[in-house]
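Right, one structure below, let's go through it.
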Amino acid sequence: MKRIIIFFIIIFITGTYLYSLHITLPQAQYSLALELYSKGKYKSAIIEFKNLIKEYPEAAEYVGSAYYWLGLSYLSLKRYRSAEKNFKYVLNHFPKSRYYVDSLYQLGRTYYMWRKRWRAIKIFTKLYKKYPRHELADNSLLWRGVCYYKLKNKKRALKDFYTILRRYPKGNKADAARYMITYIKGVRTVVKAPVKGFDTSKLQDWEELLKTKEEALAEKEKELKTKEAVLAEKEKIINKAQEKLNIPANDTQKR
């Protein structure tokens, strides 16, 4: 009984303090979850965002945002299916959310990282066509171009990168588009101003992007082939030794 009384006293004091600061309980809960996310504590952030949704379902402003940050938290943990589910929830239930377009964009990124390239292309196309003046429009074009490049459609990829330079020449993705054009056209070393205004400071980020999983798999394949060759060579040596000693292969297997 004493514990219950103490609990209500704490709640009362906390509520009074927050009221004096003009902070609502949903806002305080949201701030706590957001702070955990910003510190990279994604699992803890997920718990707190879910608590917000459960305890304050009427606080639409914070609940809609909570679903968006839940999606980002899951995306950071590479839990793509859960990320997809939360971004879609924002799109389907919170059309007036300040994170509506961001959710559409992050859904596209989720599909890209999930290696569902065609789904990603569909989402990025939707964002670009519906919100051509949004700050994420050029980002969507860039990632759509990268998707096409990954699908080995260089012609279609180049079209998107050139569109960025034409429609968003001063946007934050113009330099990345210039680099991709230079890369696709076969230049593997940095040249002086391949396109006017080219900023080479971002080359490293995009070079890392182009180190695909396919290349990593190819490397592993080489390693496996080497191991197979070594095993085959060992088998030849064993067979020759057996022939010299007149030991049938079946006998060694039985032993």
Quiz item: Using a basic spin-label model with each label point 7 Å from the Cα along Cα→Cβ, how many nm lie between GLU228 and ARG166?
Solution: 4.7 nm
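Would you kindly state how much longer the chain becomes between LYS185 and GLU55 on full extension, computed as 0.36 nm times their sequence separation minus their alpha carbon distance, in nm to one decimal?
Result: 41.3 nm gained on full extension.
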Quiz item: Between their Cα atoms, which of LYS54/LYS78; LYS88/LYS159; LYS129/LYS159 are more than 22 Å away from each other?
Solution: LYS54/LYS78; LYS88/LYS159
Practice problem: Mind jotting down the three principal axis lengths of the range 47-144 based on Cα atoms? Whole angstrom, largest first. | Solution: 39, 28, 18
Quiz item: Separation between the LEU151 and ARG133 pseudo-spin-labels, each 7 Å from Cα along Cα→Cβ, expressed in nm?
Solution: 3.0 nm
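Where does each of 46-53, 176-183 land if you order them by average Cβ count within 10 Å, highest first?
Highest-to-lowest ranking by the protection proxy: 176-183, 46-53.
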Exercise. Using Cα pairs closer than 8 Å and at least 6 residues apart in sequence, work out the relative contact order for the range 107-156, in percent.
Key: 33 percent
Quiz prompt | Cβ crowding within 10 Å averaged over residues, with 26-32, 122-128 ranked highest first | solution = 122-128, 26-32
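A short reminder: the numbers here are calculations on the coordinates, not readings from a lab. Owing to the predicted nature of the structure, the values given are computational and were not obtained by experimental measurement. Note: ideal-geometry Cβ built from the backbone for every residue, glycine included; neighbour counts use all protein chains shown.
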